[in-house]
Ligand code: ADP
Ligand code: MG
């Protein structure tokens, strides 16, 4: 690893500023989905048990640099305390004298949560002065916010230049799992890719094109690829511009990468019309019907490819998994991922909806890793450098040379 980790410091009695990604959805002032809180527990427990005086910061939503009571982290702290089984103190600021006093009042093993860092416009501007103010609350910095690592903000990037900095356990696990997909992956290597649109994932196609042997394509983007191949997809959701699909198909052909497209599908006249959902072979015009999931035969072909693979990444559901009638394609692909994992393959699920589908359909626990990052995971798979990670690497090499 090119960055320091939790194991590289002794934290007892030290104030540690921990950047977590506690950006959870709220409903009526309560945490609606605690996945991100659960993901943060490892690092917070490790620091607590190591006797650190932990000061946690995060953003929540998009308050655009202004204080917004609806986006306070206070209720998130309450939920976090319940999950940790220890009290989490809260202070309604993230910089300044009040925070300093609260941080200095911590005993070994205690945890303090600061208010939403995005209440200050300087956070998203990565203002160096603001980074110093945040840093003034602690003697060490731990960045565990993988989901925000693609943003160069004061709490995710700037602080790493001020304090001795290390990656948290979640950050480390995410990077280890995702690196297996990009650095010397084992072959055969399959990317099952779906979701809404190609435009969101052009960069992923282009980067993984240099690594994978096979793409298994489904979802709304599958419709666009089919249309680019001249298939009549009726009223299916598809990108208006077929240019990117054609370009990706040409790139794959030139590289000898297999592009598996659906040969059959679950179709209906409307999303809501689940009772009339039917299997269709994609050989005749669909007319007023639309493709809402890959068909059984296609799912079988994809599952076969996945079961034979040593590395698999699953990004974007194969169909409209939110509805029962269009969920089987994603379920069958998920079951194949689980089977491949049991046979020793490295399997990673990435993308907000793909991860949600994995939890809903019960295969999240049966794969190597389910990534908690949305945009950060996509940018990693696009081969981009994540600023939050780059800052940790810079801090590690600065520590080595000093
Ligand atoms: P991820 O978050 O995993 O990257 P996306 O956000 O790109 O995935 O896409 C997920 C959305 O794509 C889901 O809401 C799903 O309903 C939708 N979708 C999948 N297949 C289809 C389809 N055939 N037609 C319309 N929408 C689809
Ligand atoms: Mg999504």
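The values are calculated or read from the model by the stated rules, or taken from the named source; none is laboratory data. These numbers come from a predicted model, not from an experiment. Note that we place each Cβ from the backbone using ideal geometry, even for glycine, and neighbour counts take in every protein chain shown.
So which of 373, 329, 350 is near ligand 1 (Cβ under 10 Å from one of its atoms), over 17 Å from residue 299 (Cβ atoms) and surrounded by 22 or more Cβ atoms within 10 Å (Cβ to Cβ)?
On inspection, the qualifying residue turns out to be 350.
If I ask for residues that are in a helix (DSSP H, G or I) and surrounded by 14 or more Cβ atoms within 10 Å (Cβ to Cβ), which ones from the range 63-84 would you list?
71, 74, 75, 76, 77, 78, 79, 80, 81, 83, 84
Where residues in the range 183-208 are surrounded by 24 or more Cβ atoms within 10 Å (Cβ to Cβ) and not in a helix (DSSP H, G or I), which of them is nearest to ligand 1 (Cβ to nearest atom)?
194
Residue 30 - would you say it is touching a residue at least 60 places away in the same chain (Cβ under 8 Å) and within 24 Å of the chain's Cα centre (by Cα)?
The answer is no for residue 30.
Quick one: how many residues across the range 295-310 are surrounded by fewer than 24 Cβ atoms within 10 Å (Cβ to Cβ) and more than 16 Å from ligand 1 (Cβ to nearest atom)?
Summing the residues that are surrounded by fewer than 24 Cβ atoms within 10 Å (Cβ to Cβ) and more than 16 Å from ligand 1 (Cβ to nearest atom) in the range 295-310 gives 9.
For the range 218-237, which positions are within 11 Å of ligand 1 (Cβ to nearest atom) and either under 24 Å from the mean Cα position of the chain (by Cα) or surrounded by fewer than 20 Cβ atoms within 10 Å (Cβ to Cβ) (or both)?
Of everything in the range 218-237, those that are within 11 Å of ligand 1 (Cβ to nearest atom) and either under 24 Å from the mean Cα position of the chain (by Cα) or surrounded by fewer than 20 Cβ atoms within 10 Å (Cβ to Cβ) (or both) turn out to be 218, 219, 220, 221, 222, 235, 237.
Restrict the check to the range 219-231 and report whether at least one residue is farther than 23 Å from residue 293 by Cβ and touching a residue at least 60 places away in the same chain (Cβ under 8 Å).
no
I'd like the full set of residues that are touching a helix residue (DSSP H, G or I) at 6+ places or on another chain (Cβ under 6 Å) and within 23 Å of residue 146 (Cβ to Cβ), limited to the range 59-78.
59, 60, 61, 63
Taking the range 335-359 as the search range and keeping residues that are within 16 Å of ligand 2 (Cβ to nearest atom) and part of a helix (DSSP H, G or I), which one is modelled with the lowest pLDDT?
Across the range 335-359, the extreme among qualifying residues is 352.
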